[in-house]
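Novice: Take a look at the following structure, please.
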Amino acid sequence: METARTILAIETSCDETSVAVLKRTDLDTGARYEVLSHVTLSQIELHIPYGGVYPNLARREHEANITHVIAEALQKANLLVPATTSMNLDQNAISAVLSREEILLPIISDFLEHNVKPDIDAIAVTVGPGLEPALWVGINTARVLSTAWDLPVIPVNHMEGHIYSCWAVATEFAQPDVPLPSLALLISGGHTEFISVQNWGEYEYLGGTIDDAIGEAFDKSARLLGLAYPGGPKVSKFAAEFEATGGKLDTKYELPRPMIGSGDLRMSFSGLKTAVRYMVEKLKESNGGELTEADIAATCYSFETAVVDVLIKKTKLALDQTCAQSLMIGGGVAANRRIRSALQTICDEYQIPLLLPTSELSTDNALMIALAGIHKTPTKDLSVLVATGNLQF
Ligand code: KG4
Ligand code: ZN
C-alpha cells in the first residue's frame with residue numbers, strides 16, 4: 001500500500017537559516033524521497049569581521065529571517081496558502097511557548113496570522129549540537145508552529161543529519177545502497193569524529209578530536225596567514241596552487257602530525273595550529289616582518305598535507321577496527337578536494353564504496369535534517385525538545 005508523509009525541517013545550529021520540505025512515499029518497491037523545496041540563507045558575510053561565527057549575531061539573524069525562509073520554502077513546495085482573513089490564533093498558547101522570546105513572538109504571530117496551516121505531517125528541527133543561542137531560534141519556532149498547527153515535532157541531532165547528507169543525490173531519489181555496517185567520518189568547524197553506523201539510526205561514537213575540530217584548525221591557521229574567515233576554502237585554494245605549480249616543500253615548512261601514532265582513534269589539531277603559529281613567526285622574522293605569497297602557499301600545502309596524513313592513518317585504523325563495508329563523509333571540510341581524493345584512494349584499496357554529499361550539502365542545511373527526521377517517530381511531547389538542547393550521540 002502506498003503511504004506518503006511530508007515534513008518541514010528547520011536548521012539553525014550555526015550561521016545558516018535553512019528550511020526544507022521533504023516528501024517520503026512508501027511503495028511496495030521501497031521508499032522514495034522527493035525534495036519539494038530547500039532554502040538556505042547564509043549569514044557568513046556578516047560574521048567575517050569577527051573572524052568566526054558570533055553566537056548572538058547568529059541568533060538575531062535567525063530571528064529576523066526564520067519566517068521568511070519558512071514562507072519561501074513552503075511557497076516553493078506549493079504549500080503556502082495565504083489567509084484571506086486574519087487567522088484565529090490561540091494567542092495565549094503561542095505566548096506561553098514564546099514567553100522568553102520577545103523578538104520572535106511578534107514575528108511568528110504575524111506569520112501565523114497571515115497563513116493557513118500547510119498540508120504537512122510533522123516539523124523536524126535540529127536540537128543540537130550547535131551554538132545554543134542559534135539553536136533555540138529553530139527549536140522555539142518548531143515548538144510554536146507545532147502548537148499553532150497541532151502538528152507533532154521530530155527532534156534531530158545535527159551530526160546525524162550530516163550522516164544522511166549523502167543520501168540526497170537529486171531532487172527525487174530512492175534510499176541509496178549503502179552497505180552496512182558503515183563508517184561515518186564527520187569533519188566540520190565544530191566536529192571531527194568517527195561514528196560506526198550499524199543500522200540507519202543506530203550509532204556508536206568510535207573516537208575523534210580531543211581538542212580543535214579540523215575545520216577550526218583550518219580557520220585558525222588561515223587567520224595566522226592573514227586569510228579571512230572561513231579560512232578552510234582559502235587554505236585549500238593556496239595549497240592547490242602550490243601543488244599545480246610543482247612546488248616542493250622545503251624543510252622550513254615541516255609540520256607535525258599530532259597523535260598520528262597513538263594507536264587509537266583520538267586526534268588532536270590544536271598542536272598543529274600552534275606549530276603553524278611558530279612557523280609563521282619565524283618566516284616573518286626572516287623576511288622583515290612580512291609573509292611572502294610563496295610562504296603562504298607552502299604553509300597551506302604543508303598544513304593540508306599534515307591533516308590528510310592524519311586522516312588517512314586514522315580512517316584506515318577505524319575501517320580495520322569496524323570491518324565497515326562502506327565509508328561516508330559529512331561536514332563542511334568534506335568539501336576539501338585533497339581529503340576527498342585521499343579517502344577515495346583508501347576506499348579503492350579496501351574495495352568499499354565512498355559516499356559523499358554534494359558540496360552544497362556538505363555545509364549545514366535543513367535537507368539533511370529532514371532526511372534524518374523523516375525516519376523517526378514524531379512526538380507531541382515538547383519537553384523532549386526543550387530537554388535535548390545539547391544532545392550528543
Ligand atoms: O559543517 P560546516 O558548514 O559548519 C559547521 O558545522 O562547523 O563546516 C564549516 C567548516 C569551516 O571550518 C570551513 O573552513 C570548512 O568547513 N571548510 C573547508 C573547506 N570548505 C569548508 N575546510 C577545508 N577545505 C575546504 N575546501
Ligand atoms: Zn554541521
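Novice: If you line up the Cα atoms of region 271-393 on their principal axes, what length do they span on each, largest first, in Å?
Specialist: 65, 40, 27
Novice: How many nm is it between the label spots at Glu202 and Trp149, if each spot is 7 Å from the Cα in line with the beta carbon?
Specialist: Spacing of the two 7 Å Cα→Cβ label points: 3.3 nm.
Novice: Another one. Between Glu285 and Ile210, take the C-beta separation as r, use R0 = 35 Å, and let me know the FRET efficiency to the nearest 0.05.
Specialist: In this case the efficiency is close to 0.65.
Novice: How much mean residue ellipticity at 222 nm does the chain get from its helices, if each DSSP H run of length 4 or more adds -39500 (n - 2.57) and you divide by all residues, to the nearest 500 deg cm²/dmol?
Specialist: Computed ellipticity for the chain at 222 nm equals -13500 deg cm²/dmol.
Novice: Note down the nm distance, to one decimal, between modelled labels 7 Å out along Cα→Cβ at Gln321 and at Ile103.
Specialist: With each label point 7 Å from Cα toward Cβ, the separation is 4.1 nm.
Novice: Hey, how many Å between the Cα centroid of region 104-126 and the Cα centroid of region 47-94?
Specialist: 8 Å
Novice: Percent relative contact order of the chain, based on C-alpha pairs within less than 8 angstrom and at least six residues apart?
Specialist: Taking the mean separation of contacting Cα pairs over the length of the chain, I get 22 percent.
Novice: Roughly what angle does helix 214-224 make with the longest principal axis of the chain, taking Cα atoms, 0 to 90 degrees, to the nearest 10?
Specialist: Helix 214-224 sits roughly 60 degrees off the main axis of the chain.
Novice: Classify region 132-238 as rounded, prolate or oblate from the Cα gyration tensor: take a ≥ b ≥ c as the square roots of its eigenvalues, call it rounded if a/c is under 1.5, otherwise prolate when a/b beats b/c and oblate if not.
Specialist: oblate
Novice: I would also like to ask the following. By the scheme Lys and Arg +1, Asp and Glu -1, what is the net charge of all other residues having a beta-carbon under 9 Å from that of Asp212?
Specialist: Numbers: positive: Lys220, Lys273; negative: Asp211, Glu216.
Net local charge, Asp212 excluded: 0.
Novice: So, one more: If a/c stays under 1.5 just call it rounded; otherwise compare a/b with b/c (prolate if a/b is bigger, oblate if not). Do that for region 13-158, with a ≥ b ≥ c from the square roots of the Cα gyration tensor eigenvalues.
Specialist: Because a/c hits 1.5 or more and a/b fails to exceed b/c, region 13-158 counts as oblate.
Novice: Order of Glu2, Glu61, Glu172 from fewest to most other C-beta atoms within 10 Å?
Specialist: Glu2, Glu172, Glu61
Novice: Nearest 5 is fine: what % of DSSP beta bridges in the chain come out antiparallel, could you say?
Specialist: Close to 70 percent.
Novice: Further question: How big is the Kirkwood radius of region 189-325, worked out from every pair of different alpha carbons and given in Å to one decimal?
Specialist: It works out to 15.9 Å.
Novice: Let me ask something else. Counting Lys +1, Arg +1, Asp -1, Glu -1, what net charge surrounds Val310 among other residues with beta carbon under 12 Å of its beta carbon?
Specialist: On the way: positive: Arg257, Arg266, Lys313, Lys314, Lys316; negative: Glu304, Asp309.
So the surrounding residues net to +3.
Novice: Return the loop-located GluC sites (Glu not before Pro) in region 96-168 (DSSP other than H, G, I, E, B) with at most 15 other Cβ atoms within 10 Å of their own Cβ; answer none if there are none.
Specialist: Glu102
Novice: Cα axis of helix 104-114 to longest principal axis of the chain: angle in degrees, 0 to 90, nearest 10?
Specialist: In the chain, helix 104-114 runs at an angle near 50 degrees to the longest axis.
Novice: For the ranges 280-292, 361-373, what's the packing order if you count other beta-carbon atoms within 10 Å of each residue, average per peptide, and put the highest first?
Specialist: Answer by packing, highest mean first, reads 361-373, 280-292.
Novice: Once label points are set 7 Å from the Cα along Cα→Cβ at both Ser270 and Asp309, what is their separation, rounded to one decimal in nm?
Specialist: Between Ser270 and Asp309, the simple spin-label model gives 2.2 nm.
Novice: Hey, another quick one. With a Förster radius of 51 Å, plug the Cβ-Cβ distance of Thr171 and Thr292 into 1/(1 + (r/R0)^6) and report the FRET value to the nearest 0.05.
Specialist: 0.65
Novice: Turning to a different aspect of this structure: So how tilted is helix 232-244 from the main axis of the chain? Cα-based, degrees 0 to 90, rounded to 10.
Specialist: The answer is roughly 40 degrees.
Novice: Also, quick follow-up: Rank Lys273, Lys220, Lys76 by mean-square fluctuation in a GNM of the chain with C-alpha springs under 10 angstrom and give only the top-ranked residue.
Specialist: Ranking Lys273, Lys220, Lys76 by mean-square fluctuation puts Lys76 first.
Novice: Taking 0.36 nm per intervening residue step and subtracting the Cα-Cα distance, what contour gain separates Ile260 from Ala96 on full extension?
Specialist: Stretched out fully, the Ile260 to Ala96 stretch lengthens by 53.9 nm.
Novice: Determine which lysines satisfy two conditions relative to Lys248: a Cα distance under 29 Å, and not lying fewer than 8 residues away in the same chain.
Specialist: Hits, sequence-local ones excluded: Lys220, Lys234, Lys237, Lys273, Lys282, Lys284, Lys313, Lys314, Lys316.
Novice: Multiply the residue gap between Thr29 and Leu249 by 0.36 nm, knock off their C-alpha separation, and tell me the result in nm, one decimal place.
Specialist: 73.8 nm
Novice: Then there's this: Between Gln344 and Asn88, how high is the FRET efficiency from 1/(1 + (r/R0)^6) when r is the Cβ-Cβ distance and R₀ = 45 Å? Nearest 0.05.
Specialist: Efficiency, rounded to the nearest 0.05: 0.20.
Novice: Where does each of 81-87, 66-72, 146-152 land if you order them by average Cβ count within 10 Å, highest first?
Specialist: Ranked by mean Cβ neighbours within 10 Å, highest first: 66-72, 146-152, 81-87.
Novice: Treat region 259-328 as a sphere of radius equal to its Kirkwood radius over Cα pairs and apply Stokes-Einstein at 25 °C in a medium of 0.890 mPa s; give the translational diffusion coefficient in µm²/s, rounded to a whole number.
Specialist: Answer, rounded: 174 µm²/s.
Each reported figure results from applying straightforward, stated rules to the coordinates on display, with no laboratory input. The shown structure was predicted, so the numbers you read here are calculated from the model rather than taken from an experiment. Glycine also receives a Cβ, built like all others from the backbone with ideal geometry; neighbour counts cover every protein chain displayed.
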